[in-house]
Amino acid sequence: MRELEYEAIVIGAGAAGMAAALRIAEGGFRVALVDREDHLGGILMQCIHNGFGLHWFKQELTGPEFAERLAEKVVAAGIDIFLNTTVMDFSVSNGVKTLIACNSEQGVIQFNARAVVLAMGCRERNRGNIGIPGTRPAGIFTAGLAQRLINVDGYVPGKRVVIIGSGDIGLIMARRLSWVGAKVLAVVEILPHPSGITRNIVQCLHDFNIPLYLSHIVSRIEGKDRVEAVTITPLEGGTPEHSKSFRIECDTVLLSVGLIPENELSKKAGVTIGHDTGGPKVDAHLMTSAEGVFACGNVLHVHDLVDFVADESTRCGGYVVDYLRDQIGEEKQGAVTAGANVRYVVPHRYVPGRDTHFSLRSIIVKDRGTLLIKRQGAVIKKKTVQHVKPAEMIYFKMRGSDLPATEGDPAPLEIALE
Amino acid sequence: MKKDVFDVAIIGAGAVGASILRRLSAYDLKLALLEKCTDVCFGVSKANSGIIHAGFHHPVTSLKARLEIRGNLMFDQLQHELGFPFKRVGIIVAAFSYEEMKTVEQLYEQGVANGVPLIEVCGRERLLMLEPKLNPDTVGGLYAPTGGIIEPYRYVFALVESAKQNGAEVKTDFEVVSAKHNDNVYTITSSRKEKIQARHVINSAGLFADEVSAIFGGEVFTITPRKGEEYLLERNAAGFPNHVIFPVPSRVSKGILVIPTVEGTMMVGPTAIEVNDKDDSETSSDNLDKVFAQAMYMIPVISKREIITSFAGSRATMPGNDFYIGISKSAPHFIQVAGIQSPGLTASPAIGEYVKDLLKQDGLRLTEKTDYEPFIPHETCVRELSPAALDEKVKEDPLYGHMVCRCESVSEAEIVEAIRKGHTTLDGIKFYTRAGMGRCQGGFCSYRVMKIIARETGRPIEEITKRGGGSRLLLGKIPVESGARPSPKPKKKSVKYA
């Protein structure tokens, strides 16, 4: 069993892991990038549609193009890359972080490092998570799995498809399936508004004349061997109105019902997970409850644009560099909490007087909303946000000058929407 | 021709059929196990709760109680020989009223009469000490430390593997549709027109035992499916108990249980609802609510948020509420092993023993094999290895270093091994290796498993199924042109917001 020492290890080589590793390498530190897949780029490699990179590269790219640009830099930076390598265990003891990983060629590797970046991304919620009743035939896929089968492997998972959930991957797949000759019969969304971003509703459903049923659920899946039909039921006043149910014959059901940050490894190292995001609780330096363990990208909270992932992760890499240089001081941090109409805010702490980027998600839908940043009962800053909706993450920067120090310990900051 | 005649053909490869097969494989006999599904343990046994009952639920006069107690005691030796996951975690019956405590007393008396070892009636304090997550409103209950948990499919796979190693033949996709008895030999025909011959036939066809009996001219009876829905919760679930927790039973069922599975996930269920369709494996939202209401009454910290999947299967019930095991009076050399519902899994090794004796009574000559091998090779499970041991394994076979299923840590080597053992469907691989059984439910690994099946079996990937028959997973290949040059043809710009 070999043992390897690094100053930092990044787990996961998707957009988040690559961006963080790059920044750490630029800081002059020895960093290893570990991923269980056989390629850099993570899930981007199966996202062959465009719309990536508008903010980060100022250019419209496909997923693989976006990944390739980052990957080229990662390779050029001389970062040690471990592909096909699964991290199986993670522990922290006396400040040393130990990862047990494994691959076919080198066997088991023990990595020791001063800092670790969690960048494992997320997984898709599945049928069991949302409890769709009915039988369990073949032909039920998560949207991401279907995407992989079509875009990477070249197979058609189904011919007549009903998509449950209007998340972005589901919408993208509605279009993709139409292109490969499948008939998408319905997209069924439990909420009264779409879960995906507007661009995808227009380009993937409207343009293909695919009906979207809002405030509807799939109340039953039928089929013995393969899916044969689903029953769709409208919600009235929040409860299913079974008398108005209708049935659609289909051979495939796709699920696009949300993503869950993949934090099983984080939990092994004792990292505290927030109930609001499903990701680790992080301070102003994106450091988790375990000292020297950082988190960025979808493992921290689910993003809708990879550009924001890259931005957040680059900053995370910068904090790791500060940490390795012993430049993360003892400065006091104040709590950040989600106020009215806000589901969550990341990070969960801030440092007064310093520029801070906040990511948050709304609970409400509003054409023109106002962000209220409150402290000690007073609104210290207001910001207008267009097209507020739960599907679109709000990402903004607060200037340090707008966050002056308070007397004594930093006062808690509350971010609300109205 | 005579050489090809099987001494015994067993119909149905569930826990019962597999136990009988494995027991008989210790003798010089030519044996066949016939199964209508694509793999063994694909019927109701795969939806079994996996409880090894202690033996206090049934009256001493019943055959059930006798075989249950005997079967329970056989599991340590079986696990030693076959290596399937099994733990005697103990069973607790929790009472929430003094009325229920009276039933607990009766269960205790019954258990003592049946010979259940170490059984005890507990007061509230003792029960809460044993099971701190229990609702503190409990007034006491029963504790039976010999109760246990098992992975039902791993048990059946191991039994079948052991029997095969000792010369038994297993024929899957063999649905018995007709049988003729001539010259003391049955000729049995499958739906695919395959024929085999056998001198003795055992009907352990579970839900379909009534239909199989009719095919052979055996007794007329009716199997009524009684469906049970179960919910599986993720590893490290908040409500994971120390013991299997039972409510005080009703007349028809043992109630909704909270089960700490051997592999670390947690299960709640099953319901007990009589249905008409033997293949009915639907789950419903009403029952989900009922199951959780009852489970959470016993252990309040159980959370629906931790559900990873649900499933259902039906118990094969018969009037009379006892097992129906005996030599047929109307069909020659035909043994009925029917109505084996709970505690069928617990009783299964004892049923194997019992049926062996019935065969002897029916004139079958039993000669012990001199080269009978009770042990099967222990399968390597990467998730059970220490880092150093895994490192050694990877040197032996690099495929142990390639994780296919991240949630349950299943390596490519384990998948390949399962395929070589004949499990060539996605579900077969899942039940054998646990790949796809974890929190993501195959979201990340199923395409990898499909590719490995295709590679190892040499079959096109489009032919790979979930569980045989018409359960194909992919419905086509993308023509090169359409994949290369997608051309959207937007129709009129309207959308239906229903």
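Has the stretch A:201-209 got at least one residue that is of a type in the set (Asp, Glu) and within 15 Å of A:Gln147 (Cα to Cα)?
No, the conditions are met nowhere in the stretch A:201-209.
Going through the stretch A:85-103 one residue at a time, which ones are buried (at least 18 other Cβ atoms within 10 Å of the Cβ) and in a loop (DSSP other than H, G, I, E, B)? The one that is buried (at least 18 other Cβ atoms within 10 Å of the Cβ) and in a loop (DSSP other than H, G, I, E, B): A:Thr85.
Just one of the listed residues (B:Asp280, B:Asp322) is in the same structural domain as B:Ser49 (by TED's automatic domain parsing) and part of a loop (DSSP other than H, G, I, E, B), namely B:Asp322.
Counting only residues that are closer than 18 Å to A:Tyr344 by Cα, out of contact with any Lys or Arg (no Cβ under 8 Å at 6 or more places or on another chain) and not in a strand (DSSP E or B), the stretch A:390-418 holds 3 of them. Restricted to the stretch B:165-234, the set of strands (runs of 3 or more DSSP E) holding at least 1 residues that are of a type outside the set (Val, Ile, Thr) and surrounded by fewer than 19 Cβ atoms within 10 Å (Cβ to Cβ) comprises B:169-171, B:176-182, B:185-190, B:195-203.
The selection criterion, being in contact with an Asp or Glu (Cβ under 9 Å, 6 or more places away or on another chain), buried (at least 18 other Cβ atoms within 10 Å of the Cβ) and within 25 Å of B:Arg383 (Cα to Cα), does not hold for A:Gly51.
Table: residues versus (1) at pLDDT 95 or above; (2) in the same structural domain as B:Thr346 (by TED's automatic domain parsing); (3) among the β-branched types (Val, Ile, Thr); (4) touching a Cys at 6+ places or on another chain (Cβ under 7 Å).
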position: B:Ala65; (1), (2), (3), (4): yes, yes, no, no
position: B:Ile91; (1), (2), (3), (4): yes, no, yes, no
position: B:Ala95; (1), (2), (3), (4): yes, no, no, no
position: B:Glu109; (1), (2), (3), (4): yes, no, no, no
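Looking only at residues of the stretch A:57-68 that are surrounded by 15 or more Cβ atoms within 10 Å (Cβ to Cβ) and of a type outside the set (S, T, N, Q), we find that the one that is farthest from A:Ala113 (Cα to Cα) is A:Leu61. The C-beta contact set for the stretch B:221-236 (first residue within 30 Å of A:Lys268 (Cα to Cα), second residue basic (Lys, Arg) and modelled with pLDDT under 95, distance under 7 angstrom, 6+ apart or interchain) comprises B:Glu234/B:Arg439. Scanning the stretch A:11-51 for residues that are β-branched (Val, Ile, Thr) and either free of Cβ contacts under 8 Å to residues at least 60 places away in the same chain or not assigned by TED's automatic domain parsing to the domain that holds A:Gly297 (or both) yields a single hit, A:Val31.
In this structure, does A:Thr135 turn out to be assigned by TED's automatic domain parsing to the domain that holds A:Ser195 and either among the acidic types (Asp, Glu) or within 28 Å of A:Ile273 (Cα to Cα) (or both)? Steps first, answer last, please.
On the way: assigned by TED's automatic domain parsing to the domain that holds A:Ser195: yes; either among the acidic types (Asp, Glu) or within 28 Å of A:Ile273 (Cα to Cα) (or both): no.
In short, no.
Exactly one residue out of A:Arg176, A:Arg220 is closer than 27 Å to A:Gly63 by Cα, basic (Lys, Arg) and in contact (Cβ under 8 Å) with a residue 60 or more places away in the chain, and it is A:Arg176. Residues in the stretch B:396-424 that are surrounded by fewer than 24 Cβ atoms within 10 Å (Cβ to Cβ), in contact (Cβ under 8 Å) with a residue 40 or more places away in the chain and within 12 Å of another protein chain (Cβ to nearest Cβ): B:Glu412 only. Looking across the stretch B:379-395 at every residue that is touching a residue at least 12 places away in the same chain (Cβ under 8 Å) and of a type in the set (Val, Ile, Thr), the one that is surrounded by the most Cβ atoms within 10 Å (Cβ to Cβ) is identified as B:Val382. From the residues in the stretch B:438-462 that are in a loop (DSSP other than H, G, I, E, B) and more than 11 Å from chain A (Cβ to nearest Cβ), which one is surrounded by the most Cβ atoms within 10 Å (Cβ to Cβ)? It comes out as B:Arg459.
Could you check the stretch A:1-38 and list, in sequence order, the residues that are within 14 Å of chain B (Cβ to nearest Cβ) and part of a loop (DSSP other than H, G, I, E, B)?
A:Met1, A:Gly12, A:Gly14, A:Asp35, A:Arg36, A:Glu37, A:Asp38
Would you confirm whether or not the stretch A:289-311 contains a residue that is free of Cβ contacts under 8 Å to residues at least 40 places away in the same chain, assigned to a loop (DSSP other than H, G, I, E, B), of a type outside the set (Ser, Thr, Tyr) and surrounded by fewer than 18 Cβ atoms within 10 Å (Cβ to Cβ)? No, the stretch A:289-311 has no match at all. Only a single item in (1) more than 10 Å from chain B (Cβ to nearest Cβ); (2) more than 24 Å from A:Glu236 (Cα to Cα); (3) among the small types (Gly, Ala, Ser); (4) assigned to a loop (DSSP other than H, G, I, E, B) is not met by A:Gly181, and it is number (1).
Looking only at the stretch A:228-250, how many residues end up being exposed (fewer than 13 other Cβ atoms within 10 Å of the Cβ), within 33 Å of the chain's Cα centre (by Cα) and not in a strand (DSSP E or B)? Residues in the stretch A:228-250 being exposed (fewer than 13 other Cβ atoms within 10 Å of the Cβ), within 33 Å of the chain's Cα centre (by Cα) and not in a strand (DSSP E or B): 2 in total. Total residues in the stretch A:202-214 satisfying the condition of being over 14 Å from A:Gly170 (Cα atoms) and more than 8 Å from chain B (Cβ to nearest Cβ): the figure is 0.
B:Glu68 - would you say it is charged (D, E, K, R), touching a Gly at 6+ places or on another chain (Cβ under 7 Å) and in a helix (DSSP H, G or I)?
Considered against the rule, which asks whether it is charged (D, E, K, R), touching a Gly at 6+ places or on another chain (Cβ under 7 Å) and in a helix (DSSP H, G or I), B:Glu68 comes out as yes.
Residues considered: A:Ser266, A:Ser178, A:Ser215, A:Ser245. Of these, the only one that is in contact with a strand residue (DSSP E or B) (Cβ under 9 Å, 6 or more places away or on another chain), among the hydroxyl-bearing types (Ser, Thr, Tyr) and under 30 Å from B:Arg235 (Cα atoms) is A:Ser266. Restricting A:Gly134, A:Gly128, A:Gly154 to residues that are at the interface with another protein chain (Cβ under 7 Å from one of its Cβ atoms), over 19 Å from A:Asn298 (Cβ atoms), under 25 Å from the mean Cα position of the chain (by Cα) and at pLDDT below 95 narrows the list to A:Gly128.
The values are calculated or read from the model by the stated rules, or taken from the named source; none is laboratory data. Quantities reported herein were computed from a predicted structural model and do not represent experimental measurements. Please note: Cβ atoms are built from the backbone with ideal geometry, for glycine as well, and neighbour counts cover all protein chains shown.
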